[in-house]
Structures are given as C-alpha cells and as structure tokens.
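Engineer: A single structure is presented below for examination.
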Amino acid sequence: MAQKKLQSIRGMNDLLPTESARWQYVEATVADILGRYGYNEIRFPIVESTDLFKRSIGEVTDIVEKEMYTFDDRNGDSLTMRPEGTASCVRACEQNGLLYNQVQRLWYMGPMFRYERPQKGRLRQFHQIGIETFGMEGPDIDAELLLITARLWRELGIDSAVTLQLNSLGNIESRAAFKQALVAYLSERKDQLDADSQRRLDSNPLRILDSKNTSTQALLDDAPVLLDYLDDDSRQHFDTLRQLLDAAGIKYVVNPRLVRGLDYYGKTVFEWVTDKLGAQGTVCAGGRYNGLVEQLGGKATPAVGFAMGIERLVLLLEELNALPEGLQQNVDAFLMVVGNVQIDAVKVAEQLRNDMPHLRLQTHCGGGNYKSQMKKALKSGASVALVLAEGETAAGEITLKYLTEEKPHKTVAWTNLAAELVNS
Ligand code: ATP
Ligand code: MG
C-alpha cells in the first residue's frame, strides 16, 4: 500500500533560506533597538500548564474558547502550546523572583500556536516578538514602548504604512460601569446584532466593540463611549501619555472602540495597524495589564507590554519593497579540491579560517573534476576560487582564480594565502 506523503501541518510553515534571511534581518533590527533601550531577553518554554492560559487570558476569549492546542501528557496533566507570551512571562518572572521591588524591561521572541483558519498573515504556528515591563506605574513607560515601536518602523522603513491607534480601558470599576451601560444599550437592540455579538452580550460584551460586522458597527455609532466613563486616575494617565507622545512627535488616532481580545488589560491599550495587508492589518498590539500578576497569584504589580507578529512585519516589508538588498549572504571564497588532495584541503582551509576568522569560505566536498567544481564556485557567489590541485600540492602552492573581476589568476604558497586574500 502506498504511504501517504508526509506534509507539514496546515498553518505551520517552513521557512526556507531566502525567507529566513528576511526574518533574521527583522529580528536583528528589533534586538538591536531593544538593546539600545536597555531591554533584556527572556526565554520561557513553549508548553505550559493549561491553567496558566485559562487563568490569564480569560475563559470567554477566542483564544481559550477555540484556539488553543491543548493535550494531556502521558501523566494525564493538561498542557497547552503557548498561544501568546505574556502569561508565560509573568509566570517565569514570578517563579524566579524578578517581579517585586525592582523594575524589569524584558523581551522575548518565538513561535506561538493558535488553531485559527490559516490565511495570509494568519497562521497556526506564528511568531511574535514581545516586550513586557514590570514595576512601572506611570504613563512614561507606556510612552517608551510606543517610542521603541515608532523607532523600529522608521529603521525598517515602514513608518509611512502604519498608524497608531490608542485607547484607555480605565480601571475595573469604570470598565464595569461602561459595560453595564453598553449592555443596556445593546440589549434593547439585540435583534439587530450579529450572532457572535449576541452571544458576547452575556459573556464578553466589550468584545462587541471590535466586531467586524458592519451593521453591528453602525449600531455602535450611538452607543455609550468608553472614554466617557474613565476614572480620574486613568484619565490623567491617558492625558499624560498623549502629551508625551505629542512631545516626541508620535502621531496617533484615539480609537474609543479599541479593546483587546484578552481579559487582562486596563488603562492604556494600543495597536499599530496597516491597510496594506487586508484583514490581517494589526502588526503590533499591546497595553497595560496591572491586574494580571495578582490574578495569577502574585502581588499586585504594574505591567505594560506588547507583541508584534513577525509574519505580518515581513509581509509588510515585502509589500513595500523595504527589504535591503543582499540579505542572503554569499560566501567570499570557494575552495576547489581537485584530485586526491582532501587531506591538504582540510589543512589549508582550517589554517585560512584561523588566519581570517571573518572569511566566509566554502570548501567543496564530494570530489568531481575541475569543470564541475568551477561551476559550483561560480554559483556560490564567491569572488575568488581557491584551486587546490594535485599537481601543485607537493610544492605547497594553491591557485587563486578571480570570479567577479577581470584579473589574471595567481599561484601562491599556502603560507601566503591569507596575505594574498587580504590584499586582493
Ligand atoms: P487578530 O485580531 O489579528 O486576531 P490578536 O488580537 O489575536 O490579532 P494578539 O494576541 O494581540 O493578536 O497578538 C499580537 C500580534 O501577533 C498581532 O497583532 C499579530 O501581528 C500577531 N498575530 C496574532 N495572531 C496571529 C496569527 N494567527 N498569525 C500570525 N500573526 C498573528
Ligand atoms: Mg486573534
């Protein structure tokens, strides 16, 4: 019986070299900027106990209701492949004593898993770079996060294609008061709501605000507005944040309907959105979540963070032709091993690597005649082929052939090879 061909899981992609070079560029740019702002990397496991996500993200959210990859391990414990990083980060910091009487500026990067309908910019294994900060209460740190992202967009050359949307969710009490007013307003018009929103009216009414349904959106035009319900402290926080952004020249739009899909946010929430990627327009999203540490069993700790989707960033860079040339690196030199000279080849190549640690040198493996190896040398992108040929090794010599310049070839002693390459 013919076996079924093995394939990757739907929505979980391979990254081939052309693409991984683009990812490395994005990742390196982010890591560099974060280093300049004094952020440190944290790494936590890909699998955590299911409870962690249920208790943090909230039972009545899309993620927990229908998107998690959850399974029992051999011991019968329920585990979940992380759908996001914030909960794990809080867990890791609490467990390792990083939270109290100190401040933390942390970042992480890696795969996240959500069982969603795969499409452009939406995958089941996708990748985020995230920041979480702890111990800072004021709007200055909220502003810092937005300045970091704004700088990142500038350095990546995509700043003209993204806009910052900003809102404040207030504290628990003001949100509760708003929720009540919203539910009262929408309940009177329940029959005009889409089915999803009708369901959310009981379970998670705030999420109705970001319904994609146009008639629901029309209904919301006259609904109570969250910002009108803000408590004084949240209003002050929001106003100061706006002043800081204005002072730094960061443009934003206040979107009073911006809520985040997760339960743990309060006060500041924001999204960077683009109109260049169709429905998957949010490239970066985050906000303040002062209640989460306590919700997970720790002591109340102010926190604010965000996550951006690497797939969407790379798509946007491609869309805007903003990727620099030559990301996929060629080698500088290609060592041809012609005839029975493998032992000499190892010696010459390793000596050369000692002498020139930054040289990108590819050694040909697997034999073959001069002609076939020369073809490979040309294909490698190297500017010089180092031809180690049986006839020349007795004299300790090697021939340099220039592949990208009109220059006569040259035979030199092995001992002079590094000097020759440095000068050519
Ligand atoms: P969306 O509204 O697009 O579903 P979300 O609110 O679920 O996004 P967050 O949980 O805030 O997303 O994640 C932060 C960022 O991670 C998003 O802005 C997006 O860039 C990226 N992201 C989220 N889910 C996916 C996915 N399934 N595939 C690719 N990127 C994703
Ligand atoms: Mg989602």
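Engineer: Within the range 289-298, which residues are in contact (Cβ under 8 Å) with a residue 60 or more places away in the chain and either within 16 Å of ligand 2 (Cβ to nearest atom) or open to solvent by 10 Å² or more (accessible area, probe 1.4 Å) (or both)?
Structural biologist: Within the range 289-298, N290, G291, Q295, L296, G297, G298 meet the criteria.
Engineer: OK, next. Of everything in the range 54-71, what is within 14 Å of ligand 2 (Cβ to nearest atom) and not aliphatic (A, V, I, L, M)? Give them in sequence order.
Structural biologist: If the condition is that a residue be within 14 Å of ligand 2 (Cβ to nearest atom) and not aliphatic (A, V, I, L, M), then G58, T61, D62, E65, K66, E67 are the ones that fit.
Engineer: OK, next. May I ask you to list pairs of residues, at least six apart or on different chains, whose Cβ atoms are under 9 Å apart, with the first in the range 3-15 being in a loop (DSSP other than H, G, I, E, B) and the second being open to solvent by 100 Å² or more (accessible area, probe 1.4 Å) and of a type outside the set (A, V, I, L, M, F, W, C)?
Structural biologist: Short answer, once both residue conditions are applied: S8/D14; G11/Y115; G11/R117.
Engineer: Pairs needed: first member in the range 46-71, of a type in the set (F, W, Y); second member anywhere, open to solvent by 60 Å² or more (accessible area, probe 1.4 Å) and within 13 Å of ligand 1 (Cβ to nearest atom); C-beta distance under 8 Å; at least 6 residues apart or different chains.
Structural biologist: Y69/Y115
Engineer: A further question follows. Can you tell me which condition T61 does not meet? The list is (1) modelled with pLDDT under 95; (2) loosely packed, with under 13 Cβ neighbours inside 10 Å; (3) over 21 Å from the mean Cα position of the chain (by Cα); (4) polar (S, T, N, Q), and all the others hold.
Structural biologist: The one condition T61 does not meet is (2).
Engineer: Pairs only if they're at least six apart or on different chains, beta carbon under 8 angstrom, first in the range 113-136 and farther than 19 Å from V90 by Cβ and more than 13 Å from ligand 2 (Cβ to nearest atom), second open to solvent by 30 Å² or more (accessible area, probe 1.4 Å) and part of a loop (DSSP other than H, G, I, E, B); list them, first residue then second.
Structural biologist: Sorted first by the residue in the range 113-136, then by its partner, the pairs are K120/G278; Q125/I9; Q125/M12; Q125/N13.
Engineer: Would you confirm whether any residue within the range 355-367 is assigned to a helix (DSSP H, G or I) and farther than 18 Å from A419 by Cα?
Structural biologist: No, that holds for no residue.
Engineer: Whether any residue in the range 247-263 is more than 16 Å from S174 (Cα to Cα), aliphatic (A, V, I, L, M) and free of Cβ contacts under 8 Å to residues at least 24 places away in the same chain is what I want to check.
Structural biologist: Yes, there is a match, as at least one residue in the range 247-263 is more than 16 Å from S174 (Cα to Cα), aliphatic (A, V, I, L, M) and free of Cβ contacts under 8 Å to residues at least 24 places away in the same chain.
Engineer: Here's a follow-up. Just to verify a result, which residue in the range 267-288, among those that are more than 12 Å from ligand 1 (Cβ to nearest atom) and surrounded by 23 or more Cβ atoms within 10 Å (Cβ to Cβ), is farthest from the chain's Cα centre (by Cα)?
Structural biologist: Going through the range 267-288, the residues more than 12 Å from ligand 1 (Cβ to nearest atom) turn out to be 267-268, 275-276, 288.
Now narrow it down to the ones that are surrounded by 23 or more Cβ atoms within 10 Å (Cβ to Cβ): 267-268, 288.
Working: K267: 24, T268: 21, R288: 19 Å.
Checked the range 267-288; the qualifying residue farthest from the chain's Cα centre (by Cα) is K267.
Engineer: Determine if the range 299-311 includes at least one residue that is closer than 30 Å to N423 by Cβ and free of Cβ contacts under 8 Å to residues at least 40 places away in the same chain.
Structural biologist: no
Engineer: Those residues that are assigned to a loop (DSSP other than H, G, I, E, B) and surrounded by fewer than 21 Cβ atoms within 10 Å (Cβ to Cβ), I need them from the range 236-258; list them, please.
Structural biologist: A248, G249, I250, K251, Y252, N255, P256, R257
Yes/no matrix, rows are residues, columns are (1) within 13 Å of ligand 1 (Cβ to nearest atom); (2) under 24 Å from E294 (Cα atoms); (3) within 18 Å of the chain's Cα centre (by Cα); (4) in a helix (DSSP H, G or I):
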| position | (1), (2), (3), (4) |
| --- | --- |
| L79 | no, yes, no, no |
| E84 | yes, yes, yes, no |
| A87 | yes, yes, yes, yes |
| L98 | no, yes, no, no |
| W107 | no, yes, yes, no |
| H127 | yes, no, yes, no |
| L145 | no, yes, yes, yes |
| A177 | no, yes, no, yes |
| V183 | no, no, no, yes |
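Engineer: Kindly provide the set of residues from the range 276-306 that are in a loop (DSSP other than H, G, I, E, B) and touching a helix residue (DSSP H, G or I) at 6+ places or on another chain (Cβ under 8 Å), ordered by number.
Structural biologist: Passing the criteria: K276, L277, Q280, Y289, G291, L296, G297, G298, K299, A300, T301.
Engineer: Also, I was wondering about something else. Among D191, D233, which is the only one that is under 21 Å from L145 (Cβ atoms), part of a helix (DSSP H, G or I) and either free of Cβ contacts under 8 Å to residues at least 60 places away in the same chain or away from ligand 2 (no atom under 16 Å from the Cβ) (or both)? Walk me through how you get there before you give the answer.
Structural biologist: Details: D191 fails: under 21 Å from L145 (Cβ atoms).
Going through D191, D233 in turn, the sole match is D233.
Engineer: Something else: In the range 408-424, which residues are modelled with pLDDT of 95 or more and in a loop (DSSP other than H, G, I, E, B)?
Structural biologist: P408, H409
Engineer: If you don't mind, another one. Spot the failing condition for I131; the list is (1) open to solvent by less than 40 Å² (accessible area, probe 1.4 Å); (2) on the phi > 0 side of the Ramachandran plot, and only one is missed.
Structural biologist: Result: I131 passes all but (2).
Engineer: Among the numbered criteria (1) touching a strand residue (DSSP E or B) at 6+ places or on another chain (Cβ under 8 Å); (2) in a helix (DSSP H, G or I); (3) among the aromatic types (F, W, Y); (4) over 30 Å from R199 (Cα atoms), which single criterion is violated by Y25?
Structural biologist: (1)
Engineer: Shifting gears a bit: Among the residues of the range 36-58, which ones are open to solvent by 50 Å² or more (accessible area, probe 1.4 Å) and away from ligand 1 (no atom under 16 Å from the Cβ)?
Structural biologist: Within the range 36-58, R36, Y37, N40, E41, R43, P45, V47, S49, D51, R55 meet the criteria.
Engineer: With the condition kept exactly as written, say whether any residue in the range 93-111 is farther than 22 Å from L317 by Cα, within 16 Å of ligand 2 (Cβ to nearest atom) and either open to solvent by 20 Å² or more (accessible area, probe 1.4 Å) or modelled with pLDDT of 95 or more (or both).
Structural biologist: For the range 93-111, residues farther than 22 Å from L317 by Cα, within 16 Å of ligand 2 (Cβ to nearest atom) and either open to solvent by 20 Å² or more (accessible area, probe 1.4 Å) or modelled with pLDDT of 95 or more (or both): absent.
Engineer: Condition test on G85, is it surrounded by 19 or more Cβ atoms within 10 Å (Cβ to Cβ) and either more than 29 Å from G135 (Cα to Cα) or out of contact with any Ser or Thr (no Cβ under 9 Å at 6 or more places or on another chain) (or both)?
Structural biologist: Against the criterion (surrounded by 19 or more Cβ atoms within 10 Å (Cβ to Cβ) and either more than 29 Å from G135 (Cα to Cα) or out of contact with any Ser or Thr (no Cβ under 9 Å at 6 or more places or on another chain) (or both)), G85 qualifies.
The values are calculated or read from the model by the stated rules, or taken from the named source; none is laboratory data. Quick caveat: nothing in here was measured; it's all calculated off a predicted structure. Every residue, glycine among them, receives a Cβ derived from its backbone with ideal geometry; neighbour counts consider all protein chains shown. Keep in mind that these areas ignore ligands, DNA and RNA; they rest on the heavy atoms of the full protein, side chains included. Shrake-Rupley method; radii C 1.70, N 1.55, O 1.52, S 1.80 Å.
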